[in-house]
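Computed from the coordinates by the stated procedures, all read-outs in this text should not be read as laboratory data. All values reported here derive from a predicted model rather than from experimental measurement. Cβ placement follows ideal geometry from the backbone for every residue including glycine, while neighbour counts extend to all protein chains displayed.
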Amino acid sequence: MSQEARQALVDSPNTFFTADSQRSDLLDETITQTGLIALLSDLVAKGHIIEFTAIKTDHSDDSALGLHCHFNGYCADLWPLRSRTAGDWIVADNLGPFCANAAADPCLFQIGLAGTAWTPKAIAAAGPTCFHDDGADHIHLGAVNP
């Protein structure tokens with residue numbers, strides 16, 4: 001993924017960050033994998049508005065989970081928004097379309113649902129890679145490189 005593609009993702013009017021380190025992590029090709037940038041860019045291109053809650057720098061060391069983890073640059077924690085207003089999160093019962101688009105992406109490795117995101121509709125839309133994640137409300141997206 002080119003630096004221009006990374007820049008386009010972080011500069012998109014459809015991306016919001018809860019910490020400055022998240023923007024820096026996505027821009028740094030030594031921190032985040034190409035597949036994660038591709039997955040997130042695809043979701044933004046489909047019109048989803050995303051607020052990031054953790055990438056790598058602001059996530060605990062999860063390297064014990066294996067290759068596809070935050071520590072190795074394959075994952076992001078986030079929540080889709082209803083509008084271009086930070087904090088205007090989509091109601092958990094309406095996460096289905098976002099989860100379905102993520103599940104259909106060729107770069108998806110897994111979807112984790114935490115807190116109120118763990119709903120029957122979101123679980124069904126997320127498909128066979130879905131798991132119950134720990135922590136506060138968020139959707140965990142794990143990617144593979146194309």
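How large is the helix-only mean residue ellipticity at 222 nm for the chain, computed as the sum of -39500 (n - 2.57) over DSSP H runs with n ≥ 4, divided by its residue count, in deg cm²/dmol to the nearest 500?
Here the helix-only value at 222 nm equals -8500 deg cm²/dmol.
As a proxy for reagent exposure, F131, F98, F52 were ordered by neighbouring Cβ count within 10 angstrom, fewest first; the result is F131, F52, F98. Of K56, K46, the sequence from fewest to most neighbouring Cβ atoms within 10 angstrom is K46, K56. Tally the DSSP beta bridges in the chain and give the antiparallel ones as a percent, rounded to 5. So the antiparallel bridges amount to about 75 percent of the total.
Rg/Rh for segment 75-120 stands at 0.95; both radii use Cα atoms, and Rh follows the Kirkwood definition.
For segment 3-143, what D do you get in µm² per second when you plug the Kirkwood radius from alpha-carbon pairs into Stokes-Einstein at 10 °C and 1.306 mPa s?
My calculation gives 109 µm²/s for D.
Exposure proxy for D93, D62: other Cβ atoms within 10 Å of each Cβ, ordered fewest to most, give D93, D62.
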